[in-house]
Amino acid sequence: MNVRAIIEAVFEEELASFLGRLRYDRGDGAAKGYRHGHHEQQLTGIFGTEIVRVPRARIEDDAGKVMEWRLKTLPC
């Protein structure tokens, strides 16, 4: 497994954990948000420079406002 695949798996796991369901799972109860694709981002680290696919999602807060979900593991 290469560095890019590991990083992308961590991102996918973080989103699945937040949403409370896996990618194609419907889950139980009301949805916290919905996936809507990926965007590419360049990361530079001790492993060199890699372009990774970052999952995107729309989430709705308690007030009903819809916003873009942000990764906690990726500085923006």
| Given the structure, is Lys32 charged (D, E, K, R), in contact with a helix residue (DSSP H, G or I) (Cβ under 7 Å, 6 or more places away or on another chain) and at pLDDT below 85? | yes
| query | In segment 40-61, what residues are part of a loop (DSSP other than H, G, I, E, B) and either surrounded by 12 or more Cβ atoms within 10 Å (Cβ to Cβ) or touching a Leu at 6+ places or on another chain (Cβ under 8 Å) (or both)? | reply | Phe47
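The values are calculated or read from the model by the stated rules, or taken from the named source; none is laboratory data. Being a predicted model, the structure only gives us computed values, none of them experimental. Cβ: placed from backbone, ideal geometry, glycine included. Neighbour counts: every protein chain shown.
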